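Q: Okay, here's the structure, questions in a sec.
Read the figures in this text as sums done on the coordinates, not as results from a lab. Not measured: the values here are computed from a predicted model. As a convention, Cβ positions derive from the backbone with ideal geometry for all residues, glycine included, and neighbour counts pool all protein chains shown.
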Amino acid sequence: MPVVLSLPPKESAALRDAMPFLAAEGFLVEEFGRDTFAVRAVPAALGAAEDPESVRETIAEILAGESRTAPDRREAVTCIVACRGAVKAGALLTHDQQKRLLSQLARTKTPWTCPHGRPTVVAFDRRRLDRMFGR
């Protein structure tokens, strides 16, 4: 089922402008009448069962950065999709999923931080680990 978005004219224009960037990331957005759009597909990173409210929130987040230049906007869309599709705290992963995730991280340009600058890896020396575990 597509998610139908009815937007004010300014946001509709912004969404029309963003459609190439969205398509490049795996969104399938079609005009569905005046200032109305049907989101028929979302990137695989967001999962097949993406709920309508999450689709609306993701599109709104992308439209919030409408003043960016094209390369910046393309990167912003990529970052938003990556962030929303990220493994969340407490999620259980199989050993193979864990290995694949670490392998993908190692192949990135900046494996030490997420797109927002938060660390993806932390290091503890032996002394600190010992203190953490009461040794």
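Q: Which value, in debye to the nearest 20, gives the size of the charge dipole of the range 1-123 about its Cα centre, when Lys and Arg are +1 and Asp and Glu are -1 at the Cβ?
A: It works out to roughly 520 debye.
Q: In what sequence do V39, V121 fall when counting other Cβ within 10 Å, fewest first?
A: Neighbour counts put them in this order, fewest first: V121, V39.
Q: Can you work out the Karplus-derived ³J(HN,Hα) for every residue in the range 122-132? Use 6.51 cos²θ - 1.76 cosθ + 1.60 with θ = phi - 60°, whole Hz, and x for glycine or proline.
A: Listing the rounded values in order: 10, 10, 10, 7, 4, 4, 5, 4, 4, 5, 4 Hz.
Q: Round to the nearest 10 and give me the degree value, 0 to 90, for the angle of helix 52-64's Cα axis relative to the longest principal axis of the chain.
A: 90
Q: Mind jotting down the distance between the C-alpha centroids of the range 98-113 and the range 1-44, whole Å?
A: 31
Q: Just rank E57, E75, fewest to most, by other beta-carbon atoms within 10 angstrom.
A: If I rank by nearby Cβ atoms, fewest first, I get E57, E75.
Q: Let me ask something additional. Run the numbers for R34 and A106: contour at 0.36 nm per residue of separation, minus the present Cα-Cα distance, in nm.
A: 21.4 nm
Q: Using a 10 Å cut-off around each Cβ, can you sort F124, F27, F32, F21 from fewest to most neighbouring Cβ atoms?
A: F124, F32, F21, F27
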